[in-house]
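Structure first, then comments.
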Amino acid sequence: MNFELDNKSGRFHNGCIMKSSEVFDMATVTVKNIPDDLYKRLKSVAEINRRSINSEIIVCIEHAITSSRISPEKVIESAQHLRKLTRGHPISDEEFNQAKVEGRL
């Protein structure tokens with residue numbers, strides 16, 4: 001469906017009324033020279049999420065802008081906690097490498 005707003009009457013062409021306080025302008029951004037592979041992946045993800053490509057781009061930007069960074073102190077704290085949990089379970093390099101090989105089968 002196409003819901004174009006008639007700015008003079010404040011009505012959509014389907015008859016719905018939109019209050020003037022709900023009308024706002026949004027910025028438009030044009031992205032040029034997107035590599036084909038990136039565009040194909042973006043299109044695929046958009047289809048999986050049942051979004052338009054434009055909506056998927058907006059979601060990607062929102063995630064990139066709003067994601068929080070983890071402080072180095074938090075990473076160190078987490079690593080120290082994991083070391084405490086595994087302190088009583090030593091493993092040799094040979095055992096570690098064998099576990100890696102077995103995990104890849």
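Highest mean first, what order results for 64-75, 43-54 on Cβ atoms within 10 Å?
Numbers: 64-75: 7.9, 43-54: 12.1.
For the peptides 64-75, 43-54, the packing ranking is 43-54, 64-75.
Is segment 23-91 rounded, prolate or oblate when judged by the Cα gyration tensor, a ≥ b ≥ c being the square roots of its eigenvalues, rounded requiring a/c under 1.5 and prolate requiring a/b larger than b/c? It would help to have the intermediate numbers written out before the result.
Values: a/c = 3.48, a/b = 2.29, b/c = 1.52.
Prolate is the answer for segment 23-91, as a/c is 1.5 or above and a/b outweighs b/c.
Here, each number is a calculation from the coordinates, and none is a lab measurement. Because the structure is a prediction, the values reported are computed rather than measured. So basically every Cβ, Gly included, is an ideal-geometry build from the backbone, and we count neighbours across all protein chains shown.
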